[in-house]
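The values are calculated or read from the model by the stated rules, or taken from the named source; none is laboratory data. Quick caveat: nothing in here was measured; it's all calculated off a predicted structure. Positions of Cβ are backbone-derived with ideal geometry, glycine not excepted, and every protein chain shown enters the neighbour counts.
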Amino acid sequence: MTDIKHKAFIFDATRCIDCRACMVACSVENKIDMDKTRIWVAGIGMKGQFPNLTRASMVYHCMHCNEPDCLSACPVGAYSQRSDGPVLYNKDKCIGCRYCMNACPFGVPHFDFNKGLLEGAFIDKCTFCPQRIDIGLQPACVATCPTNALVYGERADLVAEAHARIQAHPDRYVDHVYGEFENGGTSYLILSHVPFAELGLPPLTERPVKEVSEEVMGFTIPFAVTWGAILSGTAVAVHWFNKRKEAVAAEKEAKAEDLQETPK
Amino acid sequence: MKMQIALNKRLHIGLLPLALLAFMGIAFVIAMVRYVSGIGAVSNLGNSYPWGFWISFDLFTGVAISSGGFLMAANVYIFELKQFKPLLRPSILTAFLGYIMVVVALLVDLGHPERIWYMLIHMNGTSVLLEIGICVMTYLTVLAIEFAPVLFEGLKWQKFAHLIHRFIMPFVILGVVLSTLHQSSLGSLLLIQPAKLYPLWWTPILPVLFFTSAITIGLGMVILESSVSARYFKRGLETTLLEKLARVIPIVLAIYLVIKFSQLTIAGDLKYLFTSGLMSVLFWSEILIGAVIPIVLFSIKRIRQSDTGLLTGAVILLLGMILNRFDVSWFAVTHPDPITYIPTFMANNVHYFPSLPEVLVSVGIFSAGILAFGLAVKYLPVFEAEQHHDTA
């Protein structure tokens, strides 16, 4: 399992029974409190009128975007992306500006607002369990899931698998794999029987949200150089023009004085 | 000996400086609590609202109202409009203090203020925030250099003042370039939130809009600070100069409005103008207060020529434009709906409103700025005509 080139998950909302074992697994594996787990099951609740009821729950953690916006936004490069997909956060570089939280369209990174300087307040988010996947194990949440609502594997295979599931049961699924193209593609692919908006997933285009920001940033250096040159040129030109004006004025004055003086 | 005289004089003036000192003390205590127990202990910031009042007021507003410094420096040094010299020093002082206030506020807001210098060693070139950080740090240095002659003259070190004055040009140009960059980049900071910022505000040309409005804010601040300090220190007001600045404001604001509405038309966002409830109200408030009313007021010669008219116009303009900064960085930003999916880390503070201590921190920092401005004006040759060390 270590030779997976682009590691990814499927989450199938039709299979999730809201047991929250994945949260416990995450808490145990990463030694974090249950109220700060990096994975979260959100019960969407009952919808509709009896007897036509639907119920859905959404398992949520870092989408591990192919084009991570957090990584683009972080001023000090605390985020990195492994060549096999996982997006990682390095707390040793973090300055706590929380711009990544603003950048992430899914609201994934979370910050410890209740810790002071000495305890150290940091960002936390799903790491894709590198300590497990690197020795061939599945991430803790996937390994625990009793209904296989979470599946781990090669992204290309999982995309095919997701479409195959939809084709096998078109009545059961919304005909869309969320994350296949959203935000430039994510490593977390979501299948659902209810509209994705009901699961709280934002409607996103194929263009990652960081795109315009990065394009504009690309202009910075050329703009600074050009603007600096224009300003310097203006300053020199204005100075030269004023000097000349003064000189001409002085000349005129001198002439006028000469004229005044000659008759005397 | 001098210290004592200063103290006595200050005690004579009485209430205002004392009130400012009290606010500073309160802010200091709150900041200490924040450093010991975390940002959540003093503020209502949380995972659903990672940025709030501090960013909108201290960073966005603080940087914007400090733009008078580079405008006046450009006027006097680059365009050699020497008549504006009396306004140069107070504007540089405002900018200098403004940026110090921004940095101090960020040291409260950052999770790891002791690591702020990491921006210099771990640079991520795609980050707009890095650009702003670097620009602000560098520009603060430039402002210190631009303001240094005033301090040296106050200390009667004419030689140093003279020396700096001789080599000021490169710093002025650097200052204007840096200001252009980060005034506009504050707008670019929101570009990464196309899914979160309301379409009436999100546009790829946010940096252009920010820079254009920053010019009007800077001019407004020059008028405001001159008017207020003239009243407080019973000093003559440079009404004719301010009138000239005020004449420019309607032109820049008109350009701003044209850019803004052309953009909305081209992007096809005109449909949101009247149909977005609170967002429409906010949008029209900032357009009316920040642009339309100031255009009307400053187009009337009688208003431009009266001290009260100038002050009123500037205050209205600033209120509207500050509302714009709050809209863009806070009011019009929605984070993913925490009601549909509720990760625990998003469950707190679904509706953000700043806590009292949060506001008091900003009030305290602002008070320190006002006090420093007052002291500088009192003891340094800020409002005095530049002393003769022009070599040319």
Can you tell me which residue is nearest to the chain's Cα centre (by Cα) among those in the range B:175-192 that are farther than 13 Å from B:Leu209 by Cα and of a type in the set (Gly, Ala, Ser)? B:Ser179
Quick check on my filter: what residues within the range A:18-73 are touching a residue at least 24 places away in the same chain (Cβ under 8 Å) and basic (Lys, Arg)? A:Lys36, A:Arg38, A:Lys47
Tell me, which residue of the range A:184-219 that is more than 14 Å from the chain's Cα centre (by Cα) and part of a strand (DSSP E or B) is nearest to the other protein chains (Cβ to nearest Cβ)? A:Ile190
Of residues in the range A:104-119 being of a type outside the set (Phe, Trp, Tyr) and under 23 Å from the mean Cα position of the chain (by Cα), the one nearest to B:Val42 (Cα to Cα): A:Asp112
Within the range A:215-234, track down each residue that is in contact with a helix residue (DSSP H, G or I) (Cβ under 7 Å, 6 or more places away or on another chain) and closer than 22 Å to B:Cys135 by Cα. A:Val216, A:Met217, A:Thr220, A:Ala224, A:Trp227, A:Gly228, A:Leu231, A:Ser232
Given (1) touching a residue at least 60 places away in the same chain (Cβ under 8 Å); (2) more than 14 Å from chain B (Cβ to nearest Cβ); (3) of a type in the set (Phe, Trp, Tyr), index of the condition A:Phe181 fails: (1)
One residue from A:Gln138, A:Gln167 being under 24 Å from A:Tyr79 (Cα atoms), over 21 Å from the mean Cα position of the chain (by Cα) and more than 9 Å from chain B (Cβ to nearest Cβ): A:Gln138
The conditions are (1) within 17 Å of B:Ile322 (Cβ to Cβ); (2) touching a helix residue (DSSP H, G or I) at 6+ places or on another chain (Cβ under 6 Å), and B:Leu288 fails exactly one of them. Which is it? (2)
Any hit, the range B:319-329, residues being more than 14 Å from chain A (Cβ to nearest Cβ), more than 21 Å from B:Pro207 (Cβ to Cβ), surrounded by 14 or more Cβ atoms within 10 Å (Cβ to Cβ) and not acidic (Asp, Glu): yes
Entirely in the range A:1-76, the strands (runs of 3 or more DSSP E) that have 1 or more residues that are surrounded by fewer than 16 Cβ atoms within 10 Å (Cβ to Cβ): A:40-47, A:54-60
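Surrounded by fewer than 13 Cβ atoms within 10 Å (Cβ to Cβ), more than 17 Å from A:Thr54 (Cβ to Cβ) and either over 26 Å from the mean Cα position of the chain (by Cα) or hydroxyl-bearing (Ser, Thr, Tyr) (or both): does that describe A:Pro222?
On the way: surrounded by fewer than 13 Cβ atoms within 10 Å (Cβ to Cβ): yes; more than 17 Å from A:Thr54 (Cβ to Cβ): yes; either over 26 Å from the mean Cα position of the chain (by Cα) or hydroxyl-bearing (Ser, Thr, Tyr) (or both): yes.
Against the criterion (surrounded by fewer than 13 Cβ atoms within 10 Å (Cβ to Cβ), more than 17 Å from A:Thr54 (Cβ to Cβ) and either over 26 Å from the mean Cα position of the chain (by Cα) or hydroxyl-bearing (Ser, Thr, Tyr) (or both)), A:Pro222 qualifies.
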Can you pull out the residues in the range A:190-211 that are surrounded by 19 or more Cβ atoms within 10 Å (Cβ to Cβ) and closer than 15 Å to A:Glu67 by Cα? A:Leu204, A:Pro208, A:Val209, A:Lys210, A:Glu211
Filtering helices (runs of 4 or more DSSP H) wholly in the range B:52-167 for at least 2 residues that are small (Gly, Ala, Ser) and either within 14 Å of chain A (Cβ to nearest Cβ) or surrounded by 24 or more Cβ atoms within 10 Å (Cβ to Cβ) (or both) gives B:68-73, B:85-109
Is one or more of the residues making up the range A:89-96 modelled with pLDDT under 90 and either within 23 Å of the chain's Cα centre (by Cα) or assigned by TED's automatic domain parsing to the domain that holds A:Gly184 (or both)? no
Picking from A:Phe106, A:Phe113, A:Phe128, which residue would you name as being closer than 15 Å to A:Ser27 by Cα and either assigned to a loop (DSSP other than H, G, I, E, B) or facing chain B (nearest Cβ under 7 Å) (or both)? A:Phe128
Here the residues within the range B:160-177 that are among the aliphatic types (A, V, I, L, M) and either at pLDDT below 95 or farther than 17 Å from B:Ile217 by Cβ (or both) are B:Ala161, B:Leu163, B:Ile164, B:Ile168, B:Met169, B:Val172, B:Ile173, B:Leu174, B:Val177
Subset of the range A:85-103 (residues that are under 26 Å from A:Pro203 (Cα atoms), outside any helix (DSSP H, G or I) and more than 7 Å from chain B (Cβ to nearest Cβ)): A:Gly85, A:Pro86, A:Val87, A:Leu88, A:Tyr89
